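Some notes on the structure that comes next.
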Amino acid sequence: MLWQIRGSNMKNTKRWMACMLAVVLLVSSSACGKKDKDKTEPTKNADTTIGATDDANTSASTDGNTAGGRFNGPKYSSDYESEIKYKRIYTEDFEDEEHGFYSRGEETTALTADTTYNNSKFSLHSSGRAKNWNGPKINLSEDLQPGKRYQVSAYVMLAEAAEFAVKIDCKVEQNGSNYIDVGSIECEPGVWTPIVGTVMIGNDTTKAELYFETDYNNMYEEALCDLYVDNVELFELATESKVPLIDSLHKTYENYFKLGVAVSALELEDPTRVAIIQKHFNSITMGNEMKPENLLNRSVSASDIEKYNTEPAINFENIDEALTFAKENNMAMRGHTLVWHSQTPDWFFKEGYSNTADAPNVSSEVMLARMESYIKQVLEYCAKNYPGIVVCWDVVNEAINTPDKIDGGLRDSLWYQVAGPDFIEKAFEYARKYAEPGTKLFYNDYNCFEKVKLNAIYNLCDKLNQKGIIDGIGVQSHLKVNSPSMGDYENCIVTLGKLGLEINVTELDIDQTLNTEEGQMEMARKYRRIFNMYANVMDAKQANITNVTIWGLSDENSWLNDGVLKYPLLFDEYLQPKPAFWGVAQDESISLFAN
Ligand code: XIL
């Protein structure tokens, strides 16, 4: 196996131990004192230094890229080591009055002994919450340093007899207020639930406050129930991380497709991450920033309904930075996404852009007009200000859901209900009308390898293709280590390839909870086999894959971290390449066959 061959087992084992330790610390979260600003955790374990000290590079550097000379990527090298510290900087167990948390609104924030995590004396109790955003907040401006990444964890509990998501957010002042999603977890009523997330604040931040709330999109009154918080902890994840001195990963596939990565605007502010993105990828997708919920501006739209009823107001400043980054770094940008049932606010479908749950929806005519205007404004903005940068758009995302039993397998979404069954075709028509010539229009969906769904996606795209309004199909590819089978996955790509449209693998990740050596090697094998399959399919001219995008740069930022930490990506939280990286690099020491 890769790391055994190279005699670097020791240091990697250490790295794993550090990761596991961090997880154990977060999960067991033993109460131990107050703010430890600028102090390393006193116990030996919490301040783990991982250095490149324990072995020389004994690597019998195998030439991993001899498979027919097709792949030109990086060869293994240990020239990427750096010193890493894992540092606890803040703990609050609420065992006395000096905790620094206060109410965000009119609600009451007080210690209680009624219910606590792990039978401690007190927890923090937020009651009388009139809004979802009411909850305990603390100013951590002195603890959170710009450009560094922090892991925040706590235990939370909701009182009501219903399941709702509790969120940790960070409000930052940077020439105005911004809100960063840190973490979110569905809570069963009355059950203490661990919540974990990471946060990094930008350089121009003057104030940073962490707070707990229920999801602001939630319209149910029960979500305004009492909220309890205990054992809040903050870890600085890495002090310094060097960029690997290895060759570019995207070169491996220079004869095949672009290699992309999903990023956040925040990651683009971190020089270490930027250097890795620039080096290893030649395409980016914004994980969230270009979605309707981040572009639509409700307060302006609702302020003058005559003016905005069919022409919603849009905030473009949120995407300028990312588009500029793509332009300056000569990277293709995949536009994600225009028409989607998720991350599109309900008020967008309502009369007067109302945000009350029972406000009536608009007519199909008005909704299609809103859709046309939204698509027009977004595409024209990109074309005018960043010509040639957004090379393609996921025009419609996830519109097939066969269990809903609608003709054609359509999802019973608000788009379907309000705009009507033609909304997909309309979206593509509008996109074609307003897109810069040459911009490719994609239909994007997940679990495309499921046979019934595959059939529905094939038929939908076939229909759009016959009208000449689609150029490609996005196969999201959120995979698991053991499913789908390689056969089913390949069949999906080959089947869709038959339409003659471009294929993009738009959101590849492999759900892996195991951060053991074998767990990560298993995942690395799967990555290698998958990429090998992409190349084979292209060599056989069975599909024209033009882009493969990994859904996230490094594990700690994966969207799969939902209470439980996952390890699905190519770089670890210290930004070091993982076995999966070498799998994608087609390194021969990662078996193509055994699994
Ligand atoms: C995910 C993002 O990665 C998360 O940060 C966000 O909280 C939810 O959405 N299919 C898609 C992507 O098309 O847009 C989703 O991205 C993942 C599933």
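The values are calculated or read from the model by the stated rules, or taken from the named source; none is laboratory data. Because the structure is a prediction, the values reported are computed rather than measured. Note that we place each Cβ from the backbone using ideal geometry, even for glycine, and neighbour counts take in every protein chain shown. In case anyone asks, the SASA skips ligands and DNA or RNA and just uses the protein heavy atoms, side chains included. Shrake-Rupley method; radii C 1.70, N 1.55, O 1.52, S 1.80 Å.
In plain terms, if you count all Cα to Cα distances in the range 94-206 and split them into 5 Å steps from zero, the share in each step is 2, 11, 18, 24, 21, 14, 7, 3, 0 percent. Values of log10 I(q)/I(0) for the range 273-326 across q = 0.12, 0.23, 0.28, 0.29 Å⁻¹ run -0.40, -0.88, -1.08, -1.11, by the Debye formula with one identical scatterer at each alpha carbon and no solvent. Packing, taken as the mean count of other beta carbons within 10 Å per residue, orders the peptides 207-213, 296-302 from highest to lowest as 207-213, 296-302. For the range 153-225, the alpha carbon convex hull comes to 79 Å³ per residue, rounded to a whole number.
Phi-derived couplings, Karplus 6.51 cos²θ - 1.76 cosθ + 1.60 at θ = phi - 60°, listed residue by residue for the range 497-504: x, 5, 6, x, 8, 5, 10, 10 Hz, with x used for Gly and Pro.
When the solvent-accessible area of the range 134-175 is split by element, carbon and sulfur atoms take up 36 percent of it, the probe being 1.4 Å. Binning the alpha carbon pair distances of the range 467-531 at 10 angstrom intervals from zero yields the distribution 19, 46, 23, 10, 2, expressed in whole percent. In this structure, the amide hydrogen of residue 187, modeled 1.01 Å from its nitrogen in the peptide plane, lies closer than 5 angstrom to those of 164, 165, 166, counting only residues at least 5 positions away or on a different chain.
Under a straight-distance cross-link criterion of Cα-Cα below 13 Å, which aspartates and glutamates are reachable from residue 453, leaving out those fewer than 8 residues away in the same chain? List returned: 398, 404, 407, 445, 488. Within the accessible surface of the range 452-528, defined with a 1.4 Å probe on protein heavy atoms only, the carbon and sulfur portion equals 47 percent. The mean accessible area for residues of the range 371-426, using a 1.4 Å probe and ignoring ligands and nucleic acids, is 39 Å² per residue. Distance between the C-alpha centres of the range 506-533 and the range 256-296: 21 Å, rounded to the whole angstrom. Note that the range 143-296 shows a convex hull volume over its alpha carbon atoms of 149 Å³ per residue. Over the range 497-585, the hull volume per residue, using the convex hull of the C-alpha atoms, is 91 Å³. Over the range 181-221, accessible surface divided per residue gives 45 Å², non-protein components excluded, 1.4 Å probe. Residues in the range 480-486 carry Karplus couplings, in order, of 10, 4, 9, 7, x, 5, 4 Hz; the curve used is 6.51 cos²θ - 1.76 cosθ + 1.60 with θ = phi - 60°, and Gly or Pro positions show x. Annotation note: trypsin sites (Lys or Arg not before Pro) in the range 512-569 located in DSSP loop regions with a Cβ neighbour count of at most 15 within 10 Å are 541.
Computed 3J(HN,Hα) for the range 413-422, one whole-Hz value per residue from the Karplus formula 6.51 cos²θ - 1.76 cosθ + 1.60 where θ = phi - 60°, is 9, 4, 4, 5, 5, 8, 7, x, x, 8, glycine and proline marked x. With a ≥ b ≥ c taken as the square roots of the eigenvalues of the C-alpha gyration tensor of the range 260-299, please select rounded if a/c is under 1.5 and otherwise prolate if a/b is larger than b/c or oblate if it is not? It comes out oblate by the Cα gyration axes. For residue 506, the residues whose modelled amide H falls within less than 5 Å of its own, excluding neighbours fewer than 5 places apart on the same chain, are 475, 476, 549. When peptides 394-405, 281-292 are sorted by average Cβ neighbour count within 10 Å, with the highest value leading, the order is 281-292, 394-405. With N the number of residues in the range 435-579, Rg(Cα) / (2.2 N^0.38 Å) evaluates to 1.10. What the range 437-539 shows is 33 Å² of accessible area per residue, with the surface traced by a 1.4 Å probe over protein heavy atoms. Taken over the range 165-299, lysine pairs spaced eight or more positions apart, or on distinct chains, with alpha carbons under 15 Å apart number 4. The share of accessible area on the range 289-412 that comes from carbon and sulfur is 43 percent, using a 1.4 angstrom probe. The separation of the range 114-171 from the range 343-365, counted between C-alpha centres, amounts to 30 Å. Here the peptides 469-480, 262-273 are ranked by packing, the mean other Cβ count within 10 Å, and the order with the highest first is 469-480, 262-273. Annotation note: chymotrypsin sites (Phe, Trp or Tyr not before Pro) in the range 521-595 located in DSSP loop regions with a Cβ neighbour count of at most 14 within 10 Å are 593.
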